[in-house]
Amino acid sequence: MADLKDYIEAEEENIRHELGQLPPVERLSRLSELELAGTAALLHSIYNGIENVLKQALQGGGGDLPEGATWHRDLLLQVEARRILKPETTESLRPYMAFRHFFSHAYALDLDPARMEILVDEVAHMVDAVLGEVLAYVNSLT
């Protein structure tokens with residue numbers, strides 16, 4: 001279990017570093033296209049880090065990783081079903097999952113700062129909730 005905690009702590013360090021690079025919400029509408037794309041890449045990276053933590057917690061608790069085209073959605077369903085995350089925390093991840101999908105398949109010129117504002121505004125709270133619940137779950141395994 002120590003390895004799992006170490007892994008999660010390393011991911012948390014990376015996620016928190018990315019959080020620190022995000023611009024303030026009130027600046028989003030004034031960012032250049034390149035800066036907005038960089039902000040979107042940070043949000044994408046933060047969500048990928050959260051998924052990595054969730055996958056490790058799921059496996060650490062004896063669960064199987066989902067596969068197939070819907071694995072991102074299925075991962076959230078599984079961590080909620082196994083009570084790794086509370087339903088409201090899982091729900092808070094859905095806009096980030098949707099953004100991850102959009103960002104992966106869109107052009108940078110399609111990014112809308114107004115639509116990104118709520119994501120940037122809420123991301124630190126989401127990260128705190130997820131990491132707190134995952135660490136509580138991991139600690140319960142020992």
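Filter the range 89-118 down to the residues that are in a helix (DSSP H, G or I) and free of Cβ contacts under 8 Å to residues at least 12 places away in the same chain and list them by number. Even if it seems obvious, please write down each step before you answer.
Taking the range 89-118 and keeping what is in a helix (DSSP H, G or I), we get 89-105, 108-110, 113-118.
Listed by number, the residues that qualify are Glu91, Ala98, Phe102, His105, Asp110, Arg115.
For His72, the conditions (1) under 17 Å from His44 (Cβ atoms); (2) touching a Leu at 6+ places or on another chain (Cβ under 8 Å) all hold with the exception of (2).
Only one of the numbered conditions (1) small (Gly, Ala, Ser); (2) surrounded by 14 or more Cβ atoms within 10 Å (Cβ to Cβ); (3) within 29 Å of Asn139 (Cβ to Cβ) is violated by Gly38, and that is (3). Considered as a group, the residues in the range 7-24 that are within 19 Å of Glu122 (Cβ to Cβ) and charged (D, E, K, R) include one that is surrounded by the fewest Cβ atoms within 10 Å (Cβ to Cβ), and that residue is Arg16. Pairing residues of the range 59-70 that are free of Cβ contacts under 8 Å to residues at least 40 places away in the same chain with residues that are among the acidic types (Asp, Glu) and in a helix (DSSP H, G or I), at Cβ distances under 7 Å and at least 6 apart in sequence or on separate chains, gives Pro66/Asp74.
Within the range 82-136, count every residue that is more than 27 Å from Leu65 (Cβ to Cβ) and of a type in the set (Ser, Thr, Tyr). Here the count works out to 1. Report every pair of residues separated by at least 6 positions or lying on different chains whose Cβ atoms are under 6 Å apart, first residue within the range 123-136 and modelled with pLDDT of 95 or more, second of a type in the set (Gly, Ala, Ser) and part of a helix (DSSP H, G or I). As it stands, the answer is Met126/Ser92; Val134/Ala57, since those pairs meet every condition given. Of all the numbered requirements in (1) charged (D, E, K, R); (2) touching a residue at least 12 places away in the same chain (Cβ under 8 Å); (3) touching a Lys or Arg at 6+ places or on another chain (Cβ under 9 Å), Arg82 misses one, and that requirement is (3).
Across the range 73-116, the qualifying residues are those that are of a type in the set (Ser, Thr, Tyr) and modelled with pLDDT of 95 or more, and the one among them that is nearest to Ser32 (Cα to Cα) is Tyr96.
Which residue is farthest from Tyr107 (Cα to Cα), if the candidates are limited to the range 1-33 and must be of a type in the set (A, V, I, L, M), in contact (Cβ under 8 Å) with a residue 12 or more places away in the chain and assigned to a helix (DSSP H, G or I)?
From the range 1-33, those of a type in the set (A, V, I, L, M) are 1-2, 4, 8, 10, 15, 19, 22, 25, 28, 31; that's our starting set.
Filter again for in contact (Cβ under 8 Å) with a residue 12 or more places away in the chain, leaving 1, 4, 8, 15, 19, 22, 25, 28, 31.
Imposing the further condition that a residue be assigned to a helix (DSSP H, G or I) reduces the set to 4, 8, 15, 19, 25, 28.
Details: Leu4: 36, Ile8: 32, Ile15: 24, Leu19: 23, Val25: 21, Leu28: 17 Å.
Filtering the range 1-33 for residues that are of a type in the set (A, V, I, L, M), in contact (Cβ under 8 Å) with a residue 12 or more places away in the chain and assigned to a helix (DSSP H, G or I), the one farthest from Tyr107 (Cα to Cα) comes out as Leu4.
The values are calculated or read from the model by the stated rules, or taken from the named source; none is laboratory data. The structure displayed is predicted, hence computed values, not measured ones. Glycine also receives a Cβ, built like all others from the backbone with ideal geometry; neighbour counts cover every protein chain displayed.
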